[in-house]
1. Looking only at helices (runs of 4 or more DSSP H) that lie completely in the stretch 327-433, which have at least 1 residues being at pLDDT below 90?
2. Please go through (1) closer than 17 Å to residue 670 by Cα; (2) outside any helix (DSSP H, G or I); (3) modelled with pLDDT of 95 or more for residue 578 and return the number of the only condition it doesn't satisfy.
3. Looking at 189, 233 in this structure, which one is modelled with pLDDT under 95 and not in a loop (DSSP other than H, G, I, E, B)?
4. On the given criteria, is residue 90 without any contact (Cβ under 8 Å) to a residue 12 or more places away in the chain, in a helix (DSSP H, G or I) and surrounded by fewer than 21 Cβ atoms within 10 Å (Cβ to Cβ)?
5. Residues 734, 697, 686: which one is more than 23 Å from the chain's Cα centre (by Cα), surrounded by 13 or more Cβ atoms within 10 Å (Cβ to Cβ), assigned to a loop (DSSP other than H, G, I, E, B) and modelled with pLDDT of 95 or more?
6. Among the residues in the stretch 365-388, are any without any contact (Cβ under 8 Å) to a residue 24 or more places away in the chain and over 20 Å from residue 453 (Cβ atoms)?
7. Could you list all residues from the stretch 274-301 that are free of Cβ contacts under 8 Å to residues at least 40 places away in the same chain and not in a helix (DSSP H, G or I)?
8. Taking the stated definitions as given, is residue 85 surrounded by 24 or more Cβ atoms within 10 Å (Cβ to Cβ) and more than 26 Å from the chain's Cα centre (by Cα)?
């Protein structure tokens, strides 16, 4: 099935490439700090290659193919070669944009949206280019074999190929190809009982010699076999187990193994060891030691210990975090995608975030749930604005609240970071759609400023707020069961998290989007406070404009979110966009003319849309509606009430045409007028004559491709990836 022009499965030729500029911040670092940053960046990028093996069966092979082509010949040479075998200028650009998008997403599925993208070039032309390349001349048998292995899946848009997901609806190499949601659900209680975090695991379903099902839980680690150093609650978890899940009549065989991604785990650990000698203090050294232990042994407990030292490391000039972090792209919502970053503090914006932290307790009191549903004590985090020097993984967010371990966040603390150069580089709209003309100028003026406020509130007081009611293994509770009642009720709470249960394991498939929705609601709810706006330097009419644009941006995002809904599977492909659609629906339901979506004919004669937000009713209608909804989100989360939470969230997530504004009908207009998401080209650091140097690239697909050739100049990485790929092909990932 070939992709059609303007298909959502193509990366448009006009896609912008933006430089994630960190040169000024880098110049301010000492040589020791530069060496520390360099090795952390190397660890992040090498570890980021793991994402290829977490995304799709073909991603590792495509990466090696692209590296071989562009390592042998420069983009300019490949361009001339392509034209000599029949590529038009548009074909060349399409191939380069495909390669650049592949590198940015670390695979052939969009990190933001989870849909597959394919080259907008005929497969026959691609084959001609491969066979005419210098890489093919140098190793015709090897490149032919590689091409034969990837060419079908590289272009395939079969029903299961179109988006990430579990069988039979989608593709995911977090799981073997024969795993469906029932398999993921069946395995989770076993992991909970054995106290195995799923963050750094993959799941393989096979059969033994008798034809009985075997579930293999594969832990990421440099080492293989049983654990040799501490870090696991019980070393007996390794090997085979017979376990009878609830509802099953007989025991099922489980097997826990280590060594997934082993050579990559070893490489990134070596870079962390190199960084350790340039650490600024004991907290940084201890943090890196624990990360190395985690990546060597597979112990998530060691990573948690590293995260504890990371939290204690207040106000570093060079900030970093690395590991299996976010579970957005796991179809079941519990396994973490690898990411790592190193960034340099932006002092001016960090001062504003520090002021926000100082006022946090006062601001938290304005949230719409009773005090009993808030943490007993707000653990003041570090909150800094950073300029990214290196980010390895599938995509780069604007803000992060980490670690994601509930037990640490609830009782020990967390950190917030806002990635400043991502905001300034990636969030400027070249074309503003779906707004009235009178709103566009104001939107253009205040979008980034309002988004800085939203990111600050979202990360600090969104993800950082709210208590979870938990029962410990010894039966103790972190709340008074006789006194805590539901809001506006005398009824005592009757549900909470039982021993071994976590937010992710309990809410699983909706956990990520539900939590993003809660944080987004906190952002627009608290941005109405003058105290918040003054921290960011906004007063008077300027403050009113910031509020209006922040709310307008949210409802517009709710409409844009329709791009990330799949009618074929009735599912959402992106956690944040699902959350924003939910908020749009809540505000539409509030009525009173607060929000309207108008359909009209555009200047091009085609159907168009515009979102209209009644500015005067944000406080009177919008705030109460969001407050009521936000309170429910927190109560269901706090009490582990997954049934009520899922029912409510599914209702607002539903996309149908049964009533106005007929969202499914609007979706085609949104798709027709969507703007391509920008690609980021990052700096490359390297050591020359004992000093760390910074290399920049032009803002183009060619520049982005060159950065990856420089980042991985040796064919050694090809051999590592091909070796891991072959192991996955033998197992039923492929």
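The values are calculated or read from the model by the stated rules, or taken from the named source; none is laboratory data. As the structure is a computational prediction, the values presented were derived from the model and not from experiment. As a convention, Cβ positions derive from the backbone with ideal geometry for all residues, glycine included, and neighbour counts pool all protein chains shown.
1. Once the helices (runs of 4 or more DSSP H) in the stretch 327-433 are filtered for at least 1 residues that are at pLDDT below 90, what remains is 347-358, 406-411, 420-426.
2. For residue 578, the exception is condition (2).
3. 189
4. no
5. 697
6. Checked the stretch 365-388: at least one residue is without any contact (Cβ under 8 Å) to a residue 24 or more places away in the chain and over 20 Å from residue 453 (Cβ atoms).
7. 277, 281
8. Taking the combined requirement at face value, the residue does not satisfy it.
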